[in-house]
1. Ignoring ligands, DNA and RNA, how do TRP18, TRP74 rank by accessible area with a 1.4 Å probe, largest first?
2. Among bridges DSSP assigns within the chain, what percent are antiparallel (round to 5)?
3. Got a sec to turn the phi values of region 44-59 into Karplus ³J(HN,Hα) couplings, 6.51 cos²θ - 1.76 cosθ + 1.60 with θ = phi - 60°, whole Hz, x for Gly and Pro?
4. For Cα pairs less than 8 Å apart in space and 6+ apart in sequence, what is the mean separation divided by the residue count of the chain, i.e. the relative contact order in percent?
5. Given bins 10 angstrom wide, list per bin the percent of all Cα-Cα distances in the chain, short to long.
6. Which ³J(HN,Hα) values, rounded to whole Hz and listed in residue order, are derived for region 115-124 from phi using the Karplus coefficients 6.51, -1.76 and 1.60 in 6.51 cos²θ - 1.76 cosθ + 1.60 with θ = phi - 60°, glycine and proline given as x?
7. Scan around TYR76 for amide H atoms under 5 Å from its own, H built in the peptide plane at 1.01 Å from N, and keep only partners 5 or more places away or cross-chain.
8. Which links in LYS98/LYS118; LYS42/LYS113; LYS21/LYS69 stretch past 28 Å when you go from one Cα to the other?
Amino acid sequence: MLHTAMTDRPPRTFKTIWFAKAATKARIRDDELCEAVREVMKGQGDDLGGGVFKKRLNKNMHRSIILAKGRRAWVYAYLFAKKDRANIDESELMAFRKLGNLYARKTDVEIAKELEAKELVEICHDSQA
């Protein structure tokens, strides 16, 4: 198990503003994203290494890239339609791993600033009901 807290509720989970727009266009709701994070925490997703996970969404029509380096917070970073491409390539994977490392080092103050600037949107948290 990836997260030692209660697995029925996800830890702090965010989506980038880019991902938020793409998810809205694909009609993927935040509650679906929170459920998908819970599933990834239970091992029901593809661990691409380095804190990068791929998870199928929207009845298997879309793929998401989730960053969880350090497992302190989960960030939805990328979304693509299965019909448009099969997977990300190696250079994209390396870039997502670097981005995951960056998020793992961010302080709560830095995260709060990104939320205030609307660069990130918080969608679920382990203290929420």
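The values are calculated or read from the model by the stated rules, or taken from the named source; none is laboratory data. What you see is a predicted model; the values in this text were computed from it and never measured. When we count neighbours, we look across all protein chains shown, and the Cβ atoms used for this are built from the backbone with ideal geometry, even at glycine. Remember, those area values only see protein heavy atoms, side chains included, never the ligands or the DNA or RNA. Shrake-Rupley method; radii C 1.70, N 1.55, O 1.52, S 1.80 Å.
1. From most accessible down to least: TRP18, TRP74.
2. The answer is about 85 percent antiparallel.
3. Coupling constants for region 44-59: 9, x, 9, 7, 8, x, x, x, 10, 10, 10, 9, 6, 10, 6, 6 Hz.
4. 35 percent
5. Percent of pairs per bin, in order: 13, 48, 35, 4.
6. 5, 5, 7, 6, 7, 10, 10, 7, 10, 7
7. Result for TYR76 returns PHE14, LYS15, THR16, LEU67.
8. Working: LYS98/LYS118 22 Å; LYS42/LYS113 30 Å; LYS21/LYS69 23 Å.
Correct reply: LYS42/LYS113.
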